[in-house]
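Before any comments, here is the structure.
Each reported figure results from applying straightforward, stated rules to the coordinates on display, with no laboratory input. Everything quoted here is computed from the prediction, not taken from an experiment. Cβ placement follows ideal geometry from the backbone for every residue including glycine, while neighbour counts extend to all protein chains displayed.
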2 protein chains.
Amino acid sequence: MRRLDDMTVLEELEPTECWRLISTQGIGRVAFVVDGEPAVLPVNFTVLNDLVVFRTALGSAFDVLVREAEVAFEVDQADPAYHSGWSVVGRGTARGLEGAIAQVDLERLSLRPWGLATPPGWIGVHLWEVTGRRVVQVVRAGGSGAG
Amino acid sequence: MRRLDDMTVLEELEPTECWRLISTQGIGRVAFVVDGEPAVLPVNFTVLNDLVVFRTALGSAFDVLVREAEVAFEVDQADPAYHSGWSVVGRGTARGLEGAIAQVDLERLSLRPWGLATPPGWIGVHLWEVTGRRVVQVVRAGGSGAG
């Protein structure tokens, strides 16, 4: 934990807490590389075992790209009014799940697509590194501000 | 506009609307490439002219990387309860602003850093492409569900 100024504390988060926070969210962002250039897309995801799972449109450019790709994954939550929030960033490997997980188990996931045509592709990301941080505002004893 | 199912409509957004939506947000995600691998970080940003501007810790790894880099930039807002939301993704070039914009004008921006040590670096991203989409649930006339 590190104090940035009188009122702001930055806390580095342990992997266990990072995973807990990931699992509180439904929308994350997947960053990937296309022809050497960075790209990023939001995904509606869930956590299955140690995988971040999301749907794609099977055969779409994104689907094809992330079936065997290194990706970065990000979730965050911020409260601008209180200037507090946290973010978690993971690095991992994405792959298609169709051969690895039974279709019936994939369909059972609470993963309704956002604006995707059928048929769906199923992608799982094994995150081999997660890091996170939380910024909180602390209340000074006897301080003049509201809490 | 494309109807995905009985209740869901996907709308592709014009660049003007994408920029309007970007300017409603304070937190975005910057994707970039490090040694060929994808990386992503959340940033506290504002819009100045046609630039997405954020602060870095001057001399940090991120700061050094994005001073002359191709990046992707993402903002979104979702209402999971109503399964509605939008996202905007931009592609652009990042560069340091210290030589291009007067320090006094940079300091005037409403950009308070989240967990950054001083001194700050100032990065501007010129987005040469923005695309966005909005997913909305439509209410069917005479439908059985609540609106």
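In table form, for the structure just shown:
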{"read-out": "5 angstrom amide H check on A:G121, placed H, neighbours 5+ away", "value": "A:T56, A:A57, A:L58"}
{"read-out": "Closest-to-axis residue of chain B (Cβ criterion, axis taking B to A), whole Å", "value": "B:A31, 2"}
{"read-out": "Order by protection proxy (mean Cβ within 10 Å, highest first), peptides B:9-21, A:88-100", "value": "A:88-100, B:9-21"}
{"read-out": "Cβ charges +1 (Lys, Arg) and -1 (Asp, Glu), total dipole of the protein assembly as shown, debye", "value": "620 debye"}
{"read-out": "Neighbourhood charge, 14 Å Cβ-Cβ cut-off, centred on A:G90 and excluding it, Lys, Arg +1 and Asp, Glu -1", "value": "-3"}
{"read-out": "Ellipsoid semi-axes in whole angstrom, largest first, where each is sqrt(5λ) of the Cα gyration tensor of the stretch B:2-137", "value": "30, 15, 14"}
{"read-out": "Long-range HN-HN contacts of A:V34 with modeled amide H, under 5 Å", "value": "A:A39"}
{"read-out": "For A:R2, label point 7 Å along C-beta direction: distances to other copies, nm", "value": "4.4"}
{"read-out": "Nm distances between copies for B:P80, ranked from closest, using label points 7 Å along Cα→Cβ", "value": "2.1"}
{"read-out": "Inter-chain Cβ neighbour average for residues B:65-75, partner chain, 10 Å", "value": "3"}
{"read-out": "Within 10 Å of each Cβ in B:18-30, the average number of Cβ atoms from other chains", "value": "2"}
{"read-out": "Other-copy label distances relative to A:T24, 7 angstrom Cα-Cβ extension, nm", "value": "2.4"}
{"read-out": "Peptide ranges B:101-107, A:62-68 listed from the most packed, as the mean C-beta count within 10 angstrom indicates", "value": "A:62-68, B:101-107"}
{"read-out": "Given charges at beta-carbon only (K, R positive; D, E negative), |dipole| of the stretch B:2-137 in Debye", "value": "280 debye"}
{"read-out": "Chain A: relative contact order as a whole-number percent, Cα under 8 Å and 6+ apart", "value": "32 percent"}
{"read-out": "For B:S84, distant residues with modelled amide H under 5 Å away", "value": "B:D79"}
